[in-house]
Amino acid sequence: MAPQLAITLVFFYWPAGQALYQSMLRQDPFGLRTRFVWFANFRKVLADPAYLNSIQVTVVFSLATAIVAMVVALLLAVMAEKAVRGKGLYRTLLIWPYAVAPAIAGMLWLFLFNPSIGSLAYLLRSLGIAWDPLLNGTHAMILLVSAAAWKQISYNFLFFVAGLQAVPKTLIEAAAMDGAGETKRFWTIVFPLLAPTTFFLLVVNTVYALFDTFGIVHAVTGGGPGKATETLVYKVYNDGFVNLILGDSAAQSVILMAIVIALTAIQFRYVERKVHYG
Amino acid sequence: MKFFGFAAGVAATMTLLSTTSAFAVTQISWWHAMTGANAEVVDKISKDFNASQSDYELVPVFKGTYPETLNAGIAAFRAGQAPDILQVFDVGTGVMMAAEGAIKPVAEVLTSAGMTFDKSQYLPGIVGYYSKPDGTMLSFPYNSSSPILYYNKDIFQKAGLDVNSPPKTWNEVWEAAKKIKTSGAASCGYTSTWLTWIHLENFAAWNDVSWATQQNGLAGGDVELKINAPIFVNHFQALADLAKDGTFKYGGRTSEAKQIFLAGECGIFTESSGGLGDIVKSGMNYGIGQLPYDTDAKGAPQNTTPGGASLWVFGNKSDEQYKGVAAFFSYLSKTDVQEYLHQKSGYLPVTLAAYEATKKSGFYEKNPGRETPILQMTGKAPTDNSKGVRLPNLPQVRDIQNEEFEKMLAGQQTAQQALDNAVTRGNAAIKEALEN
């Protein structure tokens, strides 16, 4: 048997199978009493208003994070292309945040926006904004999106820079000769040619926001206030490891697994074929 | 975390080394969640215990935060690799009690090892909390704390309040907080950590009102929450009203509010007695008072309930291991060990003898306020409302309460709505947990 296959079996199929089995059980935390309940956990999870709320939170959070991270990265990449001197330094500095662990990024933003001691929170308050992410769900979401997007900007920046370099200079110069202004050139030539990169990044960023941001949520809001920032992944953790309801938690992670499989399928079908890696 | 991983690695290596060198020694594993100064206490106690005899070797292992430690213990049990001793925080007590097949009551561990176990030597409020309804002690109280009131004397002075008399009732707290705010002495009057623990569980016990049926869950599993009674509603409506103009400032679900108090933003603060260390360290001119009570309550002040953590012993271990655990627990009950633990960590002493000895040594005169949590907890014999609270899923129920409080403090609902929701959702969650 090929070693890759063995690794996949041990690290994917086995735990996934266990999750599937666990999702059909009702069990006390210690596993002393177990009942097989077929799909009752799934029915319960899908009928739970808290779960539906968490889906909504996740959609808002993922889209906002992906869009913010991409728009800012594209802007920075276009600027970086224009820089005449210090291009390398500028790029290096922009790529740095990618090396920061999500939980650390979360703590960083948490400190900046801490209502008591945060410097940016102080600034907001002096502008007359009653900044309170501890009680205001929208503020908490803005904080989370900022932290999550900030971390992803570097990654997007890299791809956009590569994408921009792949745009033929001749096309841009020709358009310039015909009298097209800078904005016009960007929207009619550069942006459409970047489309494969943009689409690829959209998928990657959404997957990142969906599954890779647990550390940030855990460090910044813990799902609160109320349930305003409880994403699907965070709910799996909270139900399983804090509330110790293993069946519900397993059912939720099986649903998440289905979402990942669907997203991966989309990526393979539409993205891998079209993207140019510059 | 890396550091702790390293420390655990070192501990594991030491374990291996010591097994090869001494064959007769029985190893006792102890998983705990103590950090900082409290971790040093764990290490010192373990080292001293190991030096005091040669039959057993206690191996403490740090396992993360309280919930992480509990989860590590549960996961290890499921994998058949449970430690001998697991430190479980107060909130996890119900979880452990529901797992009768997994644990061995401490009382049994001690008596089967041939030791006499005299319950009257221990502080009754604490031992009562960790006992079954029939009185069998299930876990060994290691670190217990109780909520008290702290206040900033400089802010009190500025606001024209009496520096030497902290507010005794909640109404006095609200008045003092308003005065602090309106006089401009500080930007906020009052803040608190742990709303669930202080303003529901201890509020109920201290005012001798019911938190839930079945003696707050101690007498049986079929529990219904009672926290939407008028006394709770009035209390929380007062908090919500004060939150509107910032007289009360919310810090977060656990101990985040400590930062606000330490930063000098608020004049009055309710927190665990275990939080004293950081306040002392900050150099603030602080004072300590008892937890305030509600003047509408007839029995107030009654007594507060213990927070903190206790040590649980897992089942299915060898007799030799249980003997080792029993030896450790009786060592831990020694007066000088308890005295050290109490004075160094700020947690309460578990035995009456250690309390008396600390009193005699003049420690409380030098450290005023350190006795307050003990007096609060032991002042009166506990009633059915004040022995503590216990649910198989208390962490989840606290989460629900916190969510409703946050919506209330954000002005999205009244105190009545918040507490009604907390009761409905909490009861549903309890019912479901019992079905498992």
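Read the figures in this text as sums done on the coordinates, not as results from a lab. Everything numeric here is computed off the predicted structure, so don't read it as measured data. Neighbour counts run over all protein chains shown; Cβ positions are idealised from the backbone, glycine included.
With neighbours defined as other Cβ atoms within 10 Å of a residue's Cβ, the residues A:Trp109, A:Trp96 order from fewest to most as A:Trp96, A:Trp109. Shown for B:Thr378, A:Thr58, B:Thr304: other C-beta atoms within 10 Å of each C-beta, ranked fewest to most, produce the order B:Thr378, A:Thr58, B:Thr304. At a Cα cut-off below 16 Å, give the aspartates and glutamates reachable from B:Lys44, other chains included and same-chain residues fewer than 8 away excluded. Correct list for B:Lys44: B:Glu57, B:Asp336, B:Glu339.
Using only side-chain charges placed at the Cβ, +1 for Lys and Arg and -1 for Asp and Glu, the dipole size of the protein assembly as shown relative to its Cα centre rounds to 1580 debye. Distant-in-sequence amide contacts of B:Tyr286, defined by a placed amide H-H separation under 5 Å and a gap of 5 or more residues or a different chain, comprise B:Lys153. When the alpha carbon gyration tensor of chain B is reduced to an equivalent ellipsoid, the three semi-axes, largest first, read 38, 25, 20 Å.
Counting 0.36 nm for each residue step from A:Gln18 to A:Phe211 and taking away their Cα separation leaves a gain of 67.5 nm.
Taking amide H as placed 1.01 Å from N in the peptide plane, the amide H of B:Ser139 sits under 5 Å from that of B:Val106, each at least 5 places away or on another chain. Think of the protein assembly as shown as having a plus end and a minus end, set by charges on the Cβ of Lys, Arg, Asp and Glu; of A:Leu89, A:Val204, A:Leu127, A:Leu89 sits farthest toward the positive end of this dipole. With springs connecting C-alpha atoms under 10 Å apart, model chain A as a Gaussian network and identify which of A:Ala40, A:Ala73, A:Ala251 has the largest mean-square fluctuation. Looking only at A:Ala40, A:Ala73, A:Ala251, the largest GNM fluctuation is found for A:Ala40.
Charges were assigned to the Cβ only: +1 to each Lys and Arg, -1 to each Asp and Glu. The resulting dipole of chain B about its Cα centre is roughly 620 debye.
Look at A:Trp150, A:Trp14 and count the other Cβ atoms within 10 Å of each Cβ; fewest to most, that gives A:Trp14, A:Trp150. Distances between every pair of Cα atoms in the range B:83-221, grouped in 5 Å steps from 0 to the bin holding the largest one, split as 2, 8, 14, 16, 14, 11, 9, 8, 7, 6, 3, 1, 0 percent. Amide H to amide H, with H built 1.01 Å from N, B:Val61 comes under 5 Å of B:Trp30, B:Trp31, B:His32, counting only residues 5 or more places away or on other chains. For chain A, the residue among A:Phe241, A:Ala103, A:Gln165 whose Cα projects farthest onto the positive side of the dipole built from Cβ charges is A:Gln165.
Our Cα-only numbers for the protein assembly as shown put the radius of gyration and Dmax at 28.5, 99 Å. Distance between the 7 Å Cα→Cβ label points at A:Ala195 and B:Ser318: 7.2 nm. Summarising the label geometry, the points placed 7 Å from Cα in the beta-carbon direction at B:Thr383 and A:Ala99 lie 6.3 nm from one another. A Förster distance of 51 Å, applied to the separation of the beta-carbon atoms of A:Val10 and A:Val84, puts the FRET efficiency at 0.45. Kindly state, to the nearest 0.05, the FRET efficiency for A:Phe36 paired with B:Lys298, given R0 = 45 Å and r defined as their beta-carbon distance. It comes out at approximately 0.30.
Positive-end ranking of B:Ser330, B:Val163, B:Gly274 along the dipole of chain B, with charges on Cβ about the Cα centre, is headed by B:Val163. Each residue of the range A:198-254 gets 85 Å³ once the volume of the Cα convex hull is shared out per residue.
Number of Lys-Lys pairs in the range A:49-274 with C-alpha atoms under 17 Å apart and a separation of 8 or more places or on different chains: 4. Note that the range B:390-405 has calculated 3J(HN,Hα) couplings of 8, 9, x, 9, 4, x, 5, 5, 5, 4, 4, 4, 4, 4, 5, 4 Hz, one per residue in order, obtained from phi through the Karplus relation 6.51 cos²θ - 1.76 cosθ + 1.60 (θ = phi - 60°); glycine and proline are x. Normalised Debye scattering of the range A:49-274 at q = 0.16 Å⁻¹ gives log10 I(q)/I(0) of -1.14, counting only Cα atoms as equal scatterers and leaving out solvent. In this structure, the pairs whose alpha-carbon distance is over 29 Å, taken from B:Lys47/B:Lys119; B:Lys132/B:Lys407; B:Lys249/B:Lys359; A:Lys44/B:Lys244; B:Lys153/B:Lys334, are B:Lys132/B:Lys407; B:Lys249/B:Lys359; A:Lys44/B:Lys244; B:Lys153/B:Lys334.
Here the range A:49-274 is treated with +1 on each Lys and Arg Cβ and -1 on each Asp and Glu Cβ, and its dipole about the Cα centre works out to around 540 debye. In the range A:69-92, which residues have a backbone nitrogen under 12 Å from the label point lying 7 Å from A:Phe186's Cα in the Cα-to-Cβ direction? Answer for this model: A:71-82. Relative to one another, the C-alpha centroids of the range B:377-436 and the range B:295-340 are positioned 25 Å apart. Take the Cβ atoms of B:Gln343 and A:Leu202, set R0 to 60 Å, and the FRET efficiency comes out at 0.50. Applying a DSSP loop filter and a limit of 13 other Cβ atoms within 10 Å to the trypsin sites (Lys or Arg not before Pro) in the range A:68-111 leaves A:Arg85. Oblate is the label for the range A:3-156, because a/c, from the alpha-carbon gyration tensor with a ≥ b ≥ c as root eigenvalues, is 1.5 or above and a/b does not exceed b/c.
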